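What follows is a set of notes on a single structure, which appears directly below.
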Amino acid sequence: MAHPAEFRFCPRCGAGLLPRCLKPGEPERLACVGCGSIFFLDPKLAAGTICPLDGGIVLVRRGIEPAYGKWVIPGGYVDRGEAVAAAAIRETLEEASLEVAIRDLVNVYSYPGNPVVVVVYLAQVLGGQLRAGDEALEARVFPPTALPWEELAFPSTGEALRDYLRRFGT
C-alpha cells in the first residue's frame, strides 16, 4: 500500500516515518524510526442526505473539486467530535439551504483504496428554500425518472440513490 508523501515525519518526535509490516496479513503502517510510534492513516468520514422534495430528489452540482460540475446528494465531511447525523443536517443546510430532520439510514459506502467512508441518511425537509450554497453551482429537484446518472460525482452517490429508490421508493 502506498502512503501519502505528505506524511514523512513523526508527529511525536519529528523523526522519519517508514512503512513497516506489524502483523502478518495487515497492511503496512507508518512507523517512526526514532521513537517507534505507529502513525495510523485513519479513514475520513463524510455524511450526506437524500431529501425527497416535490415528488423528486434534491441534488446539488458541485462547485469544488473533486468532481467539479457533477451532481451529488447534499453532504460533506464530518468534523472531529461532531455527531454523524448532525454533520449530515449541517451539510444539507450549507449546500442546499434546506433544514432537514434525519428519518432513516440509507446505507454506508466505502471502497478499497479510497480513504472516505460515506454515511447516507434519508431526510425530511422541514424548511428553507432550495438554493445552491457556497460550494455548489446549482441545486435542483430531479424526478426519479430523470436523475442524471451519467453526471453523478461519486460511486457512492449512485449507489445511495439506487438503494433509496429500492428501499423507500418515492
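Read-outs throughout are calculated quantities, based only on the coordinates presented, and are distinct from any laboratory measurement. Model, not experiment: these values are computed from the prediction. Positions of Cβ are backbone-derived with ideal geometry, glycine not excepted, and every protein chain shown enters the neighbour counts.
Modelling each spin label as a point 7 Å along the Cα-to-Cβ direction, I'd like the E28/R166 distance in nm, to one decimal.
Distance between label points: 3.7 nm.
Sequence-distant or interchain residues sharing an amide H contact under 5 Å with E138, placed H: which?
Amide H neighbours of E138, under 5 Å, 5+ apart: R61.
[x] 10.7; [y] 9.4; [z] 11.6: which one is mean projected area of the Cα convex hull in nm² as calculated from this entry?
After the calculation, the listed value that fits is [z].
Among the chymotrypsin sites (Phe, Trp or Tyr not before Pro) in the range 26-114, which ones are in a DSSP loop with at most 14 other Cβ atoms within 10 Å of the Cβ? Mind listing them?
Answer by residue number: F40, Y68.
Among all stretches of the chain without exposed GluC sites (Glu not before Pro) (DSSP loop, at most 14 other Cβ atoms within 10 Å), which one is longest?
Working: sites that count: E6, E28, E82, E135.
By the stated rule (loop sites, at most 14 other Cβ atoms within 10 Å), 29-81.
Counting pairs of alpha carbon atoms under 8 Å apart in space and at least six apart in sequence, what relative contact order in percent does the chain give?
That works out to 22 percent.
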